[in-house]
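K.L.:
I am attaching a structure below and will ask some questions about it afterwards.
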Amino acid sequence: MEPLDAVPPPGPPAAEAVTVPPGCPPRRLVARGADVVLVVTAGRPLVAVGSAPARPRPPGSAVVCPRGVPWSVGGGDAAARVVVVAVPAGPQAALATLLGPPPLDGAALVAAAADGGLEVVLEPVPGA
């Protein structure tokens, strides 16, 4: 009997520190092939997972974003630093491009997300 949802074995994890500029609009994303953990090291970025509203997360916060569940990261009042851990690797590198300047237009945003194994979710971020 074959599994309903064949999931490839995970590759090695990877981590990358990402700066979230102040006022950066929340990007609603989903990683279908990776689990992502966001660890806030400075500032108070706006983070949401699933249907929960975006809210400021203080330094020391860790947010688990399971594969297949939409999540978002946006800028708060000041620049923030977030360590993005992905298992397997891929989404962590794309997130730096998606959040950094210059602002990406729609096509560039979708392409940059796809390069890292992410999909852009077009529904608005709850609470944003």
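K.L.:
Could you grab me the full set of residues in segment 111-121 that are assigned to a helix (DSSP H, G or I), in contact with a Leu (Cβ under 9 Å, 6 or more places away or on another chain) and either in contact (Cβ under 8 Å) with a residue 24 or more places away in the chain or of a type outside the set (Gly, Ala, Ser) (or both)? If you could, list the steps in order and put the result at the bottom.
P.N.:
Looking only at segment 111-121, we keep the residues that are assigned to a helix (DSSP H, G or I), and these are 111-115.
Okay, now just the ones that are also in contact with a Leu (Cβ under 9 Å, 6 or more places away or on another chain), so 111-113.
The one that is assigned to a helix (DSSP H, G or I), in contact with a Leu (Cβ under 9 Å, 6 or more places away or on another chain) and either in contact (Cβ under 8 Å) with a residue 24 or more places away in the chain or of a type outside the set (Gly, Ala, Ser) (or both): 113.
K.L.:
Okay, next question. Being at pLDDT below 95 and not basic (Lys, Arg) narrows it down to one of 6, 62, so name that one.
P.N.:
Details: 62 fails: at pLDDT below 95.
Among 6, 62, only 6 is at pLDDT below 95 and not basic (Lys, Arg).
K.L.:
Which members of segment 75-98 meet the condition of being under 12 Å from residue 40 (Cα atoms) and within 11 Å of the chain's Cα centre (by Cα)?
P.N.:
82, 83, 84, 85
The values are calculated or read from the model by the stated rules, or taken from the named source; none is laboratory data. This one's a predicted model, so the numbers in the text were calculated from it and none came from an experiment. Reconstructed Cβ throughout: ideal geometry from the backbone, glycine too, with neighbour counts over all protein chains shown.
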